[in-house]
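Okay, structure first, notes after.
We did not get these values from a lab; they are worked out from the coordinates using the rules stated. The shown structure was predicted, so the numbers you read here are calculated from the model rather than taken from an experiment. Virtual Cβ from ideal backbone geometry, glycine too; neighbours counted across all protein chains shown.
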Amino acid sequence: MRKYEAMFIMKSNLEEEKRNEVINKFKAIIETDGEIESVDEWGNRKLAYPINKLNDGYYVLVHFKAGADLPKELDRNFKISDDVIRHMIVNLEEK
């Protein structure tokens, strides 16, 4: 299993219940074939530049361990989610 870091930005105008639902959806995807180490909700932050006419976003950072195929599935789900405006998955190389 490899270590990964996933950062995703959701629309800032989502209600708390909907936001938690989206976060739990991605946590469930990771837990199917991996192990979550930590979930950090950074909250609403100003975006560096407007994305789809939005100036703010809700940032979430997830550290997890998983096999090589899970990030592809996670990426696919981020892309089809209407509530996620940007995402990035990084393989953390051990030194």
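Tabulated results
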{"item": "Degrees between helix 16-33 axis and first principal axis of the chain (Cα, 0 to 90, nearest 10)", "result": "20 degrees"}
{"item": "Using alpha-carbon coordinates, inclination of helix 70-80 to the longest axis of the chain, degrees", "result": "20 degrees"}
{"item": "Reachable lysines, given that their alpha-carbon falls under 25 Å from the alpha-carbon of Lys79 and they are not under 8 places away in the same chain", "result": "Lys3, Lys11, Lys18, Lys25, Lys27, Lys46, Lys53, Lys65"}
{"item": "Extreme residue, positive dipole direction of the chain, given options Asn91, Gly67, Leu47 (C-beta unit charges)", "result": "Leu47"}
